[in-house]
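Structure first, commentary second.
The values are calculated or read from the model by the stated rules, or taken from the named source; none is laboratory data. It should be emphasised that the depicted structure is a prediction, and the values quoted were computed from it without experimental measurement. Because the Cβ atoms are built from the backbone with ideal geometry, glycine has one as well, and the counts that use them run over all protein chains shown.
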Amino acid sequence: MSDQTTISIPTDDDGFISQKCPTCSGLFKVKHGEGSDKPLAHCPYCGAAGDDWFTDEQRAYIEAAGRNFALDLVSSELEEMTRDFNREMPRGGFITAEMSFTPSPEEPLPPVPAESNEPMPVALFECCNERIKHDGSSEVLHCVICGTASKA
Ligand SMILES: [Zn+2]
Ligand SMILES: [Zn+2]
């Protein structure tokens, strides 16, 4: 049990991670920590603006890991309360009480989302120097940073 939980999601062999547009459900991949230092703000296919691009698998994994993390925090607080309470009971007095606390088992995490290495076309948005992998189905791609449309 620790105060810090790191949730990591694997990338593909090229360092890209899958993202999903909540508006058109299009899947694409971005590489964090390279290219633009601005956050992903537009879907490359439909151009919709947004700030949450997790795939369903990533979301399920992160939410479950987050719940376990919250449970950890609650558990340690309750344990501390239990210790304090037991310490403060007068010894040899008439009243004795004891609190005990059993942490509930953590829910098992869903599998870490797998990242496939299926070859995908790569597009570079020169306006923001941002590279993505896309599914090749769209003739026009929007820059995922600034939203500018260009031919794929
Ligand atoms: Zn979209
Ligand atoms: Zn741009």
Considering each residue of the stretch 129-146, count those that are at pLDDT 95 or above and surrounded by 14 or more Cβ atoms within 10 Å (Cβ to Cβ), and give that number.
12
Search result, residues across the stretch 24-55 that are in contact with a Cys (Cβ under 6 Å, 6 or more places away or on another chain) and either more than 10 Å from ligand 1 (Cβ to nearest atom) or in a strand (DSSP E or B) (or both):
Ser36
Just a yes or no: is a residue in the stretch 76-94 hydroxyl-bearing (Ser, Thr, Tyr) and either closer than 19 Å to Met120 by Cα or at pLDDT 90 or above (or both)?
no
Could you tell me whether the stretch 57-74 includes any residue that is modelled with pLDDT of 95 or more and under 28 Å from Cys146 (Cα atoms)?
no
Among the residues of the stretch 2-23, are any modelled with pLDDT under 90, among the hydroxyl-bearing types (Ser, Thr, Tyr) and part of a helix (DSSP H, G or I)?
no
Those residues of the stretch 135-146 which are within 11 Å of ligand 1 (Cβ to nearest atom) and either in contact with a Leu (Cβ under 8 Å, 6 or more places away or on another chain) or outside any strand (DSSP E or B) (or both), in sequence order:
Ser138, Val144
